Amino acid sequence: PGSFALAGLLACDYQHSHSRLRTLRLNGNDLTLSGFHALGVGLDAARTNNGLRLAELDLAHTGLCVEGLRGLLGPDTRGAHLASLRRLDLRQNMLDDDGARLLGRGFRSLQGLSHLFLRGNEFGCEGAAALFVGFAAWPTTEPPALQFCDALANHRLGVGAGRPAEGLAGCIDAVLAALSALPELTRLQLDPRLKRD
């Protein structure tokens, strides 16, 4: 069976019988690249054919990397089929700087997102900065609903910088620019080691 079979089943069944589905938790499953692609195709078909409006997607601990994210977001990498999401959990995956950059670009389709969980991925300062640039690029006519983000609670922000605070300094301008574009943001979680720095 495996992850591709699971995602393929979802891709087929969503169109017919799961229009009221609001929460999908796949955390802890080892999804393959083809599995993420099949999941993206299935969610897109469900939205188009059956009006699926998924509110929560949990992909923590699934092996998600930049190529898997590209498959999930779809050919245009905008992820319009994820526009109804309120909570997106991508913790403990393999998203590197390119993955964070891609996610930042996809945020323009996720204006209803209120909680984004990214702790424990592999992106560093460059990726975090690109992510927050994506936040700041949201159209001002429709302010995003983001209330919580833990993208800065990532131990790799300090890699190559000696201390976490020095790593954070490399993306602080992008973070500050994003804050002005995120009126609903009430919690921005940082790396706990910053308390010691």
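The string of couplings for the range 105-117 from the Karplus curve (6.51, -1.76, 1.60, θ = phi - 60°) is 5, x, 5, 5, 9, 10, 5, x, 5, 9, 10, 10, 10 Hz, one whole number per residue in order, with x for Gly and Pro.
Counting every C-alpha pair in the range 50-119, the share spaced more than 20 angstrom apart comes to 19%. Computed from phi, the 3J(HN,Hα) profile of the range 179-186 under the Karplus parametrisation 6.51, -1.76, 1.60 (θ = phi - 60°) reads 4, 5, 9, 10, x, 8, 5, 10 Hz, with x in place of Gly and Pro. Could you calculate the FRET efficiency of A80 with T32 from 1/(1 + (r/R0)^6), where r is the beta carbon distance between them and R0 is 25 Å, rounded to 0.05? Rounded to the nearest 0.05, the efficiency is 0.60. Stick to the Cα atoms of the range 19-157, pair each with every other, and give me the Kirkwood hydrodynamic radius in Å at one decimal. It is 14.7 Å.
When T32, T62, T48 are compared by accessible area at a 1.4 angstrom probe, the order from most to least is T48, T32, T62. For the pair Q147 and T23, label points projected 7 Å from Cα toward Cβ lie 1.5 nm apart. Compared with the alpha-carbon gap, the fully stretched path from N50 to T186 is longer by 45.5 nm at 0.36 nm per residue.
Taking a ≥ b ≥ c as the square roots of the eigenvalues of the alpha-carbon gyration tensor, the range 17-75 is classed oblate because a/c is 1.5 or more while a/b is no larger than b/c.
The values are calculated or read from the model by the stated rules, or taken from the named source; none is laboratory data. Note that the structure is a prediction, hence the values are computed from the model and not measured. Neighbour counts run over all protein chains shown; Cβ positions are idealised from the backbone, glycine included. Surface accessibility is based on the protein's heavy atoms, side chains included, excluding ligands, DNA and RNA. Shrake-Rupley method; radii C 1.70, N 1.55, O 1.52, S 1.80 Å.
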